[in-house]
1. Among Ile29, Gly86, Leu134, whose Cα projects farthest towards the positive end of the dipole of the chain, with charges put on the beta-carbon of Lys, Arg (+1) and Asp, Glu (-1)?
2. Before anything else, pin down the relative contact order of the stretch 19-113: Cα pairs under 8 Å, at least 6 apart, normalised by residue count, whole percent.
3. Which of the following values of Cα Rg over 2.2 N^0.38 Å was calculated from the structure shown: (i) 1.19; (ii) 1.27; (iii) 1.08?
4. Ignoring ligands, DNA and RNA, please state the percent of accessible area on the chain from carbon and sulfur, probe 1.4 Å.
5. With every protein chain left in place and a probe of 1.4 Å, what is the accessible surface of Ile79, to the nearest 10 Å²?
6. Have a look at Phe102, His2, Val51 and report the one farthest towards the positive end of the charge dipole of the chain, computed about the Cα centre with Cβ charges (Lys/Arg +1, Asp/Glu -1).
7. In debye, nearest 20, what is the charge dipole magnitude of the stretch 90-141 about its Cα centre with +1 on Lys and Arg Cβ and -1 on Asp and Glu Cβ, if you could check?
8. Using a 10 Å cut-off on Cβ atoms, rank the peptides 64-70, 15-21, 125-131 from the highest mean neighbour count down.
Amino acid sequence: MHGLLSLSAVVLATGAFVLDLHRQKVPNIWILIGWAWGLSYQYGVRGWSGVFGFFVGAAVPVLGLFPLFLFRMLGPGDIKILSVLGGLLGCGDVVHLMIISFLLGGVLSLGLLVSCGMLASRIRHFADYLKTYLKDRKPRP
């Protein structure tokens, strides 16, 4: 069964990637199909405890990544597909998946910034943003 679980996760993630690439968004029908598959899989393998595990795994990315969405650091499609994968894989595995995804995304972004010669300007932009944020967020007397 573990092979089916891995294959399902790869198919759902790859499908979301292709749809996002072509449509600039992940359609909600793809998310619903993914949730339905994850819920069915979890129930079929673990029964009612699998249903509970599905909902916990699906909620972790939504709750944990919502602040990044608010600051426009992460798109809704990213959070939705991680929720699908969380429901399918479970809470512990989706947390590991999110950590690995962020690390790989950081490495790819750094490589892109270096190859385009934009690293120094992006660091300055971030420093300016941070200074402005810290200045404006100081408590009032």
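The values are calculated or read from the model by the stated rules, or taken from the named source; none is laboratory data. Not measured: the values here are computed from a predicted model. We place every Cβ from the backbone using ideal geometry, glycine too, and count neighbours over all the protein chains shown. The protein model used for the area step is the full one, side chains on, heavy atoms only, and it has no ligands, DNA or RNA in it. Shrake-Rupley method; radii C 1.70, N 1.55, O 1.52, S 1.80 Å.
1. Result: Leu134.
2. 30
3. Of the listed options (i) 1.19; (ii) 1.27; (iii) 1.08, (ii) comes from this structure.
4. Numbers: 7150 of 9940 Å².
Of the solvent-accessible surface of the chain, carbon and sulfur hold 72 percent.
5. That residue has around 20 Å² of solvent-accessible surface.
6. Working it through, the farthest residue towards the positive pole turns out to be Phe102.
7. Working: 7 positive and 3 negative charges, 96 e Å.
Charge dipole, the stretch 90-141, about its Cα centre: 460 debye, nearest 20.
8. On the way: 64-70: 13.1, 15-21: 15.1, 125-131: 10.1.
Going by the mean number of other Cβ atoms within 10 Å, highest first, we get 15-21, 64-70, 125-131.
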